[in-house]
Amino acid sequence: MAVLCSNCAGKLIFNPATQRLECATCGSSFRPEDIEDKNADIHSKYYDTRVYTCSHCGAEVVTSDTEASTFCVYCGNPAIVFNRVAKEYRPDGLVPFQVTKEDAIRYIKLRFLRNPIVPKEIQNKCVPENIRGIYVPYWVVNADFSEADFLSGEVKRGKSTVTKYYSRAGEASFKNVPIDGSDVLNDDISRKLEPFYLEDARSFDEDYLNGFYSNTSDLSYADLRSSTAHRCHKLFEDEVVKSVKAKNVKVLDSIYWVDIHDDPVYMMMPVWFFTFKYDEKPYTVLVNGQTGKVVGTMPWQKKKIYTIAISIFVLTFALCGFCYWALDNRFLGMSSFYGQILTALLAFGSIVFTKGIVGIKRILKNLKLTQSEEIFKYVKRRQG
């Protein structure tokens, strides 16, 4: 429940910039470890939260007493009422927020909102009211891992290229592997948010949650083992591919096994969520609350992209036409000069086209993750 200021009984909020609990009423500040919450049982496996229900969309908004709950953070409707008090499982530790909400907004704007192809109305949506700090559950595991792989690769043999086949097998011990503890949050997104640096971790203290949301892990042990095996497999596979001296190396088949040892450590990692809708589609951009790393992308205005692409094409075509005309007419006796320009333009155009295709594929992949309904629903299930 809410932790109060010892000087004026105002509610204390954790400030990532100072790493202290601050009172908005009198301005006092305290270290989280120096605050004693008489209502909290530090030996309990659970801690209390407050659940609110939106009568408009049915979303559950779960917060501590310090977080405003006057509107639904999912649909923005003010018809939100207190429902019940719930107990959540107490994590072993957490990495506190170090990036402030203002910094998160600034990082998002620097990354996306200066781009002319991003709709202007999204700029107006990037405001504190649409950004929420959420502690995301992670399990930090140690594991023994073994794997056998069958691969193919292409090698030169004289003037031709032939396919060769390889086999690799080995064992590895993985330490402090972070596994996303939410079955709802897409694993590709959680991996993109990494790294989180555990040297900044603190023992769990509810005071760090003041002013933020959090979510609890919904993975079973079988789910955790499966996620760990998949994560270790990807790390192992990357190294195996590097060990094969060939081109276009592909893993054709894999057999792997994992054994989680020790007790996995239940941690909470800080993430800022910028959630909005555009053309009736949900978008969520994430910011690592420790490092400021931005994950996701923005919708763009197709008309502007077409205009820019057509303009570049017309300009390049015109320059190439001029160079051909100059070569044909030996304009000013400088045909070799224009030939060099033409060659450079063609080379530049090829490079830009290739990189453009790769870039568009990457943007579309990120856009698919950003538009994920699962992430959008994850935000409305946050707890604090």
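The values are calculated or read from the model by the stated rules, or taken from the named source; none is laboratory data. Keep in mind the model is a prediction, meaning the values are calculated, not measured. FYI the Cβ positions are ideal-geometry reconstructions off the backbone, even for glycines, and counts take in every protein chain you see.
Restricting the first residue to the stretch 155-180 and requiring it to be over 30 Å from Ser220 (Cβ atoms), which pairs with a second residue that is not in a strand (DSSP E or B) and not basic (Lys, Arg) meet a Cβ separation below 8 Å and a spacing of at least six or different chains?
Val155/Ala246; Lys164/Ala246; Tyr166/Val244; Tyr166/Ala246; Arg168/Val240; Arg168/Ser243; Arg168/Val244
Which of the residues belonging to the stretch 104-125 are within 30 Å of Pro32 (Cα to Cα) and either buried (at least 17 other Cβ atoms within 10 Å of the Cβ) or over 17 Å from the mean Cα position of the chain (by Cα) (or both)?
Ala104, Ile105, Tyr107, Ile108
Taking the conditions exactly as written (assigned to a loop (DSSP other than H, G, I, E, B), among the β-branched types (Val, Ile, Thr) and modelled with pLDDT of 75 or more), does Thr18 satisfy them or not?
When the stated conditions are applied, Thr18 passes them.
Limited to the stretch 206-232, what total is found for residues that are at pLDDT 85 or above and β-branched (Val, Ile, Thr)?
Number of matching residues: 1.
So is Ser226 over 23 Å from Ala86 (Cβ atoms), surrounded by fewer than 17 Cβ atoms within 10 Å (Cβ to Cβ) and of a type in the set (S, T, N, Q) or not?
Considered against the rule, which asks whether it is over 23 Å from Ala86 (Cβ atoms), surrounded by fewer than 17 Cβ atoms within 10 Å (Cβ to Cβ) and of a type in the set (S, T, N, Q), Ser226 comes out as yes.
All but one of (1) in contact with a Cys (Cβ under 6 Å, 6 or more places away or on another chain); (2) of a type in the set (A, V, I, L, M, F, W, C); (3) in a loop (DSSP other than H, G, I, E, B) hold for Phe174, so report the exception by its number.
It fails just one condition, (3).
Would you check which residues across the stretch 161-205 are closer than 19 Å to Phe273 by Cα and acidic (Asp, Glu) and list them?
Asp180, Asp183, Asp187, Asp188, Glu194
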